[in-house]
Amino acid sequence: MYHAMTKVSTKDVLMTFFGGAVLLVTMLVISFLLRPLYPLYLRQFDIGTGSIGSEALDSTPRASSIEDLRRLETFTVAMDKRDFSPYRGIALDNVAFVALYLEDGSCVAARIRYDAIQYQPFPGNEHTKLAVMPIGRWEPWVRTEKQEELLANQVHKGIFDTTNYYVDMVGDFGRVRSEWDFCQDYAWAGGMLVALAFLWWERSRRVRNGESTPLVFGWRYYRNGRLSKAQTDLERWMLAACAISRISARLPIDRLGGHPRTPFDAQAVRKNLMDGWEIDRGSMCLSYVDWLLDEKKCASGKRSEIAFDGCRALSLLDTSYIAGYLTRKQMVRNAIPICQLLQRKFSGWAEFGESYLDGYKEFLEKEQRDLKNLEVRRDAFEQLRAAPNSCYQISWNLTMDARYWNDVYDWDNRPPEPQALPKKKQKATPKNPKERWFTATYAPWTVVFAGDWELIGGGAQEVESAKRALERDWGIHNRKEGLEMIEWLCNRHWNDHLPAALSWDLCRANQLLGMYFNVGYITRKELNERSTAVCKLIRQRFHSWEELQQRYLEGFAEWRAGIDHKKDSSAIRRRWEIYQDLKELPDGPYCQPWELLL
């Protein structure tokens, strides 16, 4: 499943070609070094003078009948060259058994090493050649069932006087590889090991330097980037101020800079800072922050301009922290004056958000850009206002006294762990393990859209806002259309061999049922009945939370590719991180038994 979240760059391709060159050179070197070992390899075979398959000696007895073949331990056979043909006989599993005619007229099957056949003048007739076969041995002819079937179907099976034995005139010569083959076989294996070791070392170096993501154990890599998680209320306040722009850019709103603080993401963020702002060090970031909010603008500037530039300044600070240009201490100390300014100019999140959107509109008009992006950010703002547990729940008037936060932060150690906001009891709270099982199927979706994974449908939103979301995203205007959508999602891929698409649809069906309950389209009793039916379908096709969520993520990636004509790796990675975080919670949604009685 993690192969969807990794990235392969042009450098990876070039290094692969370079690894191929290393492979070829290594093979040549190993092949040269192996040549002195070839005689040692030959010692394990019986291929000397007088062995089976070697040229017959003057002292080698000649067999003239089947009785001689049985009696003699080793022998040779001499026959008129005109009577011998390598094409006369049968083939079993690509092994040729040649017809060998003896002096008494009988015929037996033989495996012959043709290089060891000697041609001598026929006694009394110099114009005829006598073919003297290699040294042979009379062996039992053991065949498999397949070979027995092939033998029964052979046209020439009746030419042999016996099929219980055959003459082996090949011996160990048939198992010996040539010097070239011997060297190449081991050279290829050695070269592959060296080339793979080189590529693995190079890849590891690039991962450490942030130039690539790991090909394996990627979830551990991103899990180790949690230093971007907000760890104090001050940092959560900063993230709330940047939330509108982050949601519109499809970035997580619970991470500083919208990225985990991993080497690869730091490299990507540095590129974005250079392309967008020409920032390549911390001092330049602080200079831009001062330019965005200089004293003159703070004193007499328009409120919309201050809101927009204040958000951009905070975004530059936490993004530069992810890039490694600023320490956490530098980020926080430079953010406090900006937060104080915004608190003085605006009365709350609603006024700040409206002013920010006005400032963004002025920016687009000034730059002569398309205003369609304004609607995207306005939708993000409405979503933040409507969500029951959005980042806007943090107090606007949070203390911004620098001395207070100097005492809160322990700069020599990690900042304190974030405190969870108290949850209010509400209608959407699950009442039993079954309802909690339902909500677990779409928990990552809930977190992505700033909801509470512990609540049905992510929590009770403003009814009209939730209905607008159903109309905008699903084309659902009433209960009837909603239930038709559930039926369509459950049946669309049921008979197809598409587990990813099926997981994606069934989890979304449960998600929609939770939203229907929150807006009043269905009762709690209907919610339990219909969600139970969907969850039973899920457990017919999937066997664990891990399998369900992996397939769900694959289905999301395919759906996203169909919309954007490309895979949004950041959105895919974001959902995978959410699932990993939820899975590790001691009382999280995936601590529930998969086999819970529904």
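The values are calculated or read from the model by the stated rules, or taken from the named source; none is laboratory data. Just so you know, these numbers come straight off a predicted model, no measurement behind them. Reconstructed Cβ throughout: ideal geometry from the backbone, glycine too, with neighbour counts over all protein chains shown. Ligands, DNA and RNA are excluded from the accessible area calculation, which covers all protein heavy atoms including side chains. Shrake-Rupley method; radii C 1.70, N 1.55, O 1.52, S 1.80 Å.
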May I ask you to list pairs of residues, at least six apart or on different chains, whose Cβ atoms are under 6 Å apart, with the first in segment 536-548 being within 15 Å of Leu598 (Cβ to Cβ) and the second being surrounded by fewer than 15 Cβ atoms within 10 Å (Cβ to Cβ)? none
Can you tell me which of (1) surrounded by 11 or more Cβ atoms within 10 Å (Cβ to Cβ); (2) assigned to a helix (DSSP H, G or I); (3) within 58 Å of the chain's Cα centre (by Cα) is the one Ser51 doesn't meet? (2)
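Among the residues of segment 149-176, what is the count of those that are touching a strand residue (DSSP E or B) at 6+ places or on another chain (Cβ under 9 Å) and not in a loop (DSSP other than H, G, I, E, B)? I'd like the intermediate steps shown before the answer.
The first filter runs over segment 149-176 and keeps only residues touching a strand residue (DSSP E or B) at 6+ places or on another chain (Cβ under 9 Å), leaving 150-151, 154-157, 159-171, 174.
If we keep only those that are not in a loop (DSSP other than H, G, I, E, B) as well, we get 150-151, 157, 159, 165-169, 171, 174.
Adding up the residues that qualify gives 11.
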Just to verify a result, which residue in segment 177-188, among those that are open to solvent by 50 Å² or more (accessible area, probe 1.4 Å) and assigned to a helix (DSSP H, G or I), is nearest to Leu23 (Cα to Cα)? Trp188
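Taking only segment 542-555 into account, find how many residues are buried (at least 20 other Cβ atoms within 10 Å of the Cβ), out of contact with any Leu (no Cβ under 7 Å at 6 or more places or on another chain) and either at pLDDT below 85 or within 15 Å of Tyr590 (Cα to Cα) (or both). So that I can check it myself, show each step before the final result.
Residues of segment 542-555 that are buried (at least 20 other Cβ atoms within 10 Å of the Cβ), as a first pass: 542, 545, 548-555.
With out of contact with any Leu (no Cβ under 7 Å at 6 or more places or on another chain) added as a condition, the list becomes 545, 548-555.
If we keep only those that are either at pLDDT below 85 or within 15 Å of Tyr590 (Cα to Cα) (or both) too, we end up with 545, 548-550, 552.
Number satisfying all stated conditions: 5.
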Restricting attention to segment 92-109, which residues are outside any loop (DSSP other than H, G, I, E, B) and of a type in the set (Ser, Thr, Tyr)? Tyr101
Return a yes/no flag: does segment 157-169 have any residue that is over 17 Å from Arg70 (Cβ atoms) and surrounded by fewer than 14 Cβ atoms within 10 Å (Cβ to Cβ). yes
Of the criteria (1) modelled with pLDDT under 90; (2) under 27 Å from Gln540 (Cα atoms); (3) basic (Lys, Arg), which one Lys525 fails: (1)
Please determine whether any residue of segment 261-272 is of a type outside the set (Val, Ile, Thr), modelled with pLDDT under 85 and not in a helix (DSSP H, G or I). yes
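For Leu384, state whether it is touching a residue at least 40 places away in the same chain (Cβ under 8 Å) and either within 39 Å of the chain's Cα centre (by Cα) or farther than 26 Å from Lys271 by Cβ (or both).
Values: touching a residue at least 40 places away in the same chain (Cβ under 8 Å): yes; either within 39 Å of the chain's Cα centre (by Cα) or farther than 26 Å from Lys271 by Cβ (or both): yes.
Yes, satisfied.
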Quick one: how many residues across segment 556-580 are over 22 Å from Met515 (Cα atoms) and either at pLDDT 80 or above or surrounded by 20 or more Cβ atoms within 10 Å (Cβ to Cβ) (or both)? 7
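Identify, from the list Ala241, Ala249, Ala268, the residue that is open to solvent by 10 Å² or more (accessible area, probe 1.4 Å) and within 25 Å of Trp445 (Cα to Cα).
Values: Ala241 fails: open to solvent by 10 Å² or more (accessible area, probe 1.4 Å); Ala268 fails: within 25 Å of Trp445 (Cα to Cα).
One residue alone meets the criteria, Ala249.
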Enumerate the pairs (first residue in segment 243-257 and on the phi > 0 side of the Ramachandran plot; second residue anywhere and modelled with pLDDT under 85 and open to solvent by less than 10 Å² (accessible area, probe 1.4 Å)) with beta-carbon separation below 9 Å, excluding pairs fewer than 6 apart on the same chain, so at least 6 apart or on different chains. Arg250/Ala571; Gly257/Ser228; Gly257/Asp265
Considering only residues that are outside any helix (DSSP H, G or I) and either modelled with pLDDT of 55 or more or among the β-branched types (Val, Ile, Thr) (or both), which ones fall in segment 398-420? Leu398, Thr399, Met400, Asp401, Tyr409, Asp410
Only one of (1) at pLDDT 85 or above; (2) open to solvent by 30 Å² or more (accessible area, probe 1.4 Å); (3) of a type outside the set (D, E, K, R); (4) part of a loop (DSSP other than H, G, I, E, B) does not apply to Leu597, and that is (1)
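Taking the residues in segment 273-297 that are over 19 Å from Thr327 (Cα atoms) and open to solvent by less than 40 Å² (accessible area, probe 1.4 Å) as candidates, determine which candidate is modelled with the highest pLDDT.
Taking segment 273-297 as the starting set, the residues that turn out to be over 19 Å from Thr327 (Cα atoms) are 275-278, 291-297.
After this cut, where a residue has to be open to solvent by less than 40 Å² (accessible area, probe 1.4 Å) as well, the list is 292-293, 297.
Numbers: Leu292: 87, Leu293: 82, Lys297: 65.
Restricting to residues being over 19 Å from Thr327 (Cα atoms) and open to solvent by less than 40 Å² (accessible area, probe 1.4 Å), the top hit is Leu292.
Please find, among Ala450, Ala440, the residue that is under 31 Å from the mean Cα position of the chain (by Cα), at pLDDT below 75 and surrounded by 19 or more Cβ atoms within 10 Å (Cβ to Cβ). Reasoning before the result, please.
Details: Ala440 fails: at pLDDT below 75.
Result: Ala450 is the single residue among Ala450, Ala440 that is under 31 Å from the mean Cα position of the chain (by Cα), at pLDDT below 75 and surrounded by 19 or more Cβ atoms within 10 Å (Cβ to Cβ).
The rows are residues; the columns are (1) touching a strand residue (DSSP E or B) at 6+ places or on another chain (Cβ under 6 Å); (2) buried (at least 18 other Cβ atoms within 10 Å of the Cβ); (3) in a loop (DSSP other than H, G, I, E, B); (4) not basic (Lys, Arg).
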position	(1), (2), (3), (4)
Glu67	no, no, no, yes
Glu73	no, no, yes, yes
Ile90	yes, yes, no, yes
Arg111	yes, yes, no, no
Asp115	no, no, no, yes
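Tell me, which residue of segment 300-320 that is open to solvent by 10 Å² or more (accessible area, probe 1.4 Å) and outside any loop (DSSP other than H, G, I, E, B) is nearest to Arg246 (Cα to Cα)?
Looking only at segment 300-320, we keep the residues that are open to solvent by 10 Å² or more (accessible area, probe 1.4 Å), and these are 300-305, 308, 312, 315, 319.
Going one step further and asking which of them are outside any loop (DSSP other than H, G, I, E, B), we end up with 300, 303-305, 308, 312, 315, 319.
On the way: Ser300: 28, Arg303: 21, Ser304: 18, Glu305: 18, Phe308: 13, Arg312: 11, Ser315: 9, Thr319: 11 Å.
Top of the filtered list is Ser315.
Output the residue which, of all residues in segment 189-238 that are aromatic (Phe, Trp, Tyr), open to solvent by 10 Å² or more (accessible area, probe 1.4 Å) and modelled with pLDDT of 75 or more, is farthest from Leu357 (Cα to Cα). Quick ask: steps written out before the conclusion?
Kept after step one, since they are aromatic (Phe, Trp, Tyr), are these residues of segment 189-238: 198, 200-201, 217, 219, 221-222, 237.
From the residues that got through so far, the ones that are open to solvent by 10 Å² or more (accessible area, probe 1.4 Å) too are 198, 200-201, 217, 219, 221.
Filter once more, keeping what is modelled with pLDDT of 75 or more: 198, 200-201.
Values: Phe198: 52, Trp200: 48, Trp201: 49 Å.
Checking each candidate, the answer is Phe198.
Hey, can you tell me all the residues within segment 117-131 that are assigned to a strand (DSSP E or B) and either in contact with a strand residue (DSSP E or B) (Cβ under 8 Å, 6 or more places away or on another chain) or polar (S, T, N, Q) (or both)? Working first, answer last.
Kept after step one, since they are assigned to a strand (DSSP E or B), are these residues of segment 117-131: 118-122, 125-131.
The answer is Gln118, Tyr119, Gln120, Pro121, Phe122, Asn125, Thr128, Lys129, Leu130, Ala131.
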